[in-house]
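Q: Can you read through this structure? Questions will come right after.
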Amino acid sequence: MNEKGPVNKPDRKIDIRNMAIITFLVFVLTFLFCPYSPYFRYVYSYDEVCYKIVTEGIFRGKFPYRDLFDHKGPLTYVIFSLGYLLAGKNTWGMWVISAIVDSLGFIFAYKTSCLRLKKNTALLSAVFLLFMNSVLMNHNILNTGSKPDGFVFTLLMISAYIFTRESFFSKKTTGHVISLKPMFIIGLLCGGVFMIKLNACFFYLAFVGCYFLWLLIRKKLADFLKSCGAFLLGIAAVTVPFFIFYAAIGGLRDLIDIYFVFNSRYGSSFVRTFMSAGLFTWICKVSLLTFVLLSVVAFIGDLIRRKNVLQKTVMFILAVIVFVVLTASPFYSYFFIVFSVFFVYGTDLLADVLCRTFEGKINSIVFSVIILSVSIVFAIAEAFASPVIPRTKREYETNIESYAKEHPDADYLFFACVSLPVYDEYLTAGPEVRQFYSTNHYTDEMLLEQYDAVKSGEVDVVIYPTQKDEDPVEGEGSVISLIKECGYYEYQAYISDDGVYYVHMLVRKE
């Protein structure tokens, strides 16, 4: 590859232009598929509905875990709250903050590539990375652009940039020892990951842990102790305030029970072969396999050219271990955004080969503009040819809206199911019940908490979906019958936007 030493001073104008191109592309793409984007009439994604409800709950004096159930990390809601405030408590602010975070992730992918490539070639690599993560957006890795996994990707990408810059690859450090300030910053970023999606901290356990082990092997005990201290101090600077806050509001036990204990069981209940889950579309599999193939070819090429063979071999083995361990359970395709820190290695190769092959004919900026244009055309075509939600209201939406207008303070509960779209628009006072929705692998205690709320009449509306191909007819002892026995009647039934569920809206009798 066209290695570029760090002694060359960066041209700030080129950097600013390239980063602006990346940011522009991210904002355009996410505008067309992020559920919080003003392009959509309502938040269409189940997960994002939940994030919105919990975020709004914070501004009503409720807090995750103690007052409202969700199992994502607390930093997730700090980030979404910033967007909510940015837009005057409007949902589009959550799109803006998500797009900013996503942009930062791909900008640092570009900066990481700049450590090895010319700047314009690095831009092409970053554009390739974004394109292959987002082509056919709603069916690929970047997905909605507003998942917590995307936030984790950005923190990991910044960490990868710092780690790579300070390591032997850039030849900047004396004796290859990373100084304390970068190690503290990496610790801060690790703390951020820990407070969003704790299993992704395995990246740090593998790579930073291996670095610490190397210090011990080289008998650099003083450097080992100082580096460990700086790294742990960075983690503590992010995590400790959350624990202190939850202890102060009486929610520490809830934080531990849900974010740590529940998640440890929740993740272990998903065990399948890599990419075997039905939610891995063919385009997602093609993208992932392309990324993996490019990275393997890049690694083999470096071995043949004998470039930092030992270090890159160790890094490659660690990458494989992390990939295998974190994909031992079936994750949704958007989880694979976190592995883009590895995929940069492959897109660097692709960009470099193209620029070398067409040198003097087509430069890297032209290539980047072509890929950028193709990405936008794909996004626009999908948005109009296959809209996520209909552009006009359906009859059931009108009926739900009519009920909400007549009962503006009604409280809604998603019984034994995820948070369904549309209803979040009408939760103006709630939710009042902590367990307002359930994950797809809920515990008996969670279900009993919901049923007790229904039985005691604490909620006005119960939303209960069945699989579309299941017979929705009531029967003795059926869930719908049990809810009706608690004083509810079926107000509306319809097929969900994605065609997966037959949704029942049951309303409490007045």
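Q: Output the residues belonging to segment 374-392 that are open to solvent by 50 Å² or more (accessible area, probe 1.4 Å) and outside any loop (DSSP other than H, G, I, E, B).
A: Within segment 374-392, Val374, Val377, Phe378, Ile380, Ala381, Phe384, Ala385 qualify.
Q: Would you say Phe335 is hydrophobic (A, V, I, L, M, F, W, C), touching an Asp or Glu at 6+ places or on another chain (Cβ under 6 Å) and within 22 Å of Ile107 (Cβ to Cβ)?
A: For Phe335, the condition - hydrophobic (A, V, I, L, M, F, W, C), touching an Asp or Glu at 6+ places or on another chain (Cβ under 6 Å) and within 22 Å of Ile107 (Cβ to Cβ) - is met.
Q: Pick from Leu82, Leu32, Leu104: which is open to solvent by 50 Å² or more (accessible area, probe 1.4 Å), over 27 Å from Ala416 (Cα atoms), in a helix (DSSP H, G or I) and touching a residue at least 24 places away in the same chain (Cβ under 8 Å)? Walk me through it before giving the result.
A: Values: Leu82 fails: touching a residue at least 24 places away in the same chain (Cβ under 8 Å); Leu32 fails: open to solvent by 50 Å² or more (accessible area, probe 1.4 Å).
The match here is Leu104.
Q: Counting only residues that are open to solvent by 20 Å² or more (accessible area, probe 1.4 Å) and under 14 Å from Lys197 (Cβ atoms), how many does segment 131-167 have?
A: 1
Q: Same structure again: I'd like the full set of residues that are under 22 Å from Glu397 (Cα atoms), modelled with pLDDT under 95 and among the β-branched types (Val, Ile, Thr), limited to segment 460-482.
A: Matches in segment 460-482: Thr466, Ile480.
Q: Of everything in segment 308-347, what is assigned to a loop (DSSP other than H, G, I, E, B) and open to solvent by 50 Å² or more (accessible area, probe 1.4 Å)? Give them in sequence order. Break it down into steps so the answer makes sense when it comes.
A: In the first step, residues of segment 308-347 are kept if they are assigned to a loop (DSSP other than H, G, I, E, B); the result is 308, 327-332.
Listed by number, the residues that qualify are Ala328, Tyr332.
Q: Could you please find all residues in segment 407-435 being hydroxyl-bearing (Ser, Thr, Tyr), part of a loop (DSSP other than H, G, I, E, B) and closer than 15 Å to Asp47 by Cβ? Before the answer, list the steps.
A: Let us first name the residues in segment 407-435 that are hydroxyl-bearing (Ser, Thr, Tyr), namely 412, 419, 423, 426, 428.
Okay, now just the ones that are also part of a loop (DSSP other than H, G, I, E, B), so 419, 428.
The one that is hydroxyl-bearing (Ser, Thr, Tyr), part of a loop (DSSP other than H, G, I, E, B) and closer than 15 Å to Asp47 by Cβ: Ser419.
Q: Still on this structure, I have one more. Quick check on my filter: what residues within segment 107-120 are open to solvent by less than 10 Å² (accessible area, probe 1.4 Å) and either at pLDDT 95 or above or within 17 Å of Asp47 (Cβ to Cβ) (or both)?
A: Ala109, Tyr110, Ser113
Q: For segment 227-235, state whether one or more residues are open to solvent by less than 40 Å² (accessible area, probe 1.4 Å) and under 15 Å from Pro64 (Cα atoms).
A: Our first condition is that a residue be open to solvent by less than 40 Å² (accessible area, probe 1.4 Å); within segment 227-235, this holds for 227-231, 234-235.
Next, from what is left, pick out any that are under 15 Å from Pro64 (Cα atoms): none.
Looking for residues that are open to solvent by less than 40 Å² (accessible area, probe 1.4 Å) and under 15 Å from Pro64 (Cα atoms), one finds none in segment 227-235, hence no.
Q: Can we say Val54 is open to solvent by less than 20 Å² (accessible area, probe 1.4 Å), touching a strand residue (DSSP E or B) at 6+ places or on another chain (Cβ under 8 Å), assigned to a helix (DSSP H, G or I) and of a type outside the set (Gly, Ala, Ser)? Before you say what the answer is, go through the steps one by one.
A: On the way: open to solvent by less than 20 Å² (accessible area, probe 1.4 Å): yes; touching a strand residue (DSSP E or B) at 6+ places or on another chain (Cβ under 8 Å): yes; assigned to a helix (DSSP H, G or I): yes; of a type outside the set (Gly, Ala, Ser): yes.
Judged against the criteria, Val54 is a match.
Q: Consider segment 151-163. How many of its residues are touching a Leu at 6+ places or on another chain (Cβ under 7 Å) and not hydroxyl-bearing (Ser, Thr, Tyr)?
A: Residues of segment 151-163 that are touching a Leu at 6+ places or on another chain (Cβ under 7 Å), as a first pass: 154-155, 158-159.
If we keep only those that are not hydroxyl-bearing (Ser, Thr, Tyr) too, we end up with 155, 158.
Here the count works out to 2.
Q: Report yes if Ile258 is touching a residue at least 12 places away in the same chain (Cβ under 8 Å), part of a loop (DSSP other than H, G, I, E, B), within 14 Å of Gly73 (Cα to Cα) and not charged (D, E, K, R), otherwise no.
A: The answer is no for Ile258.
Q: Related question: Which residues, counting only those in segment 20-78, are touching a Lys or Arg at 6+ places or on another chain (Cβ under 8 Å) and farther than 30 Å from Val240 by Cβ?
A: Within segment 20-78, Tyr36, Arg41, Val43 qualify.
The values are calculated or read from the model by the stated rules, or taken from the named source; none is laboratory data. Worth saying up front: this structure is predicted, and the values here are computed from it rather than measured. Note that each Cβ is placed from the backbone with ideal geometry, even for glycine, and that neighbours are counted across all protein chains shown. Protein only, heavy atoms only, side chains kept; ligands, DNA and RNA dropped before computing areas. Shrake-Rupley method; radii C 1.70, N 1.55, O 1.52, S 1.80 Å.
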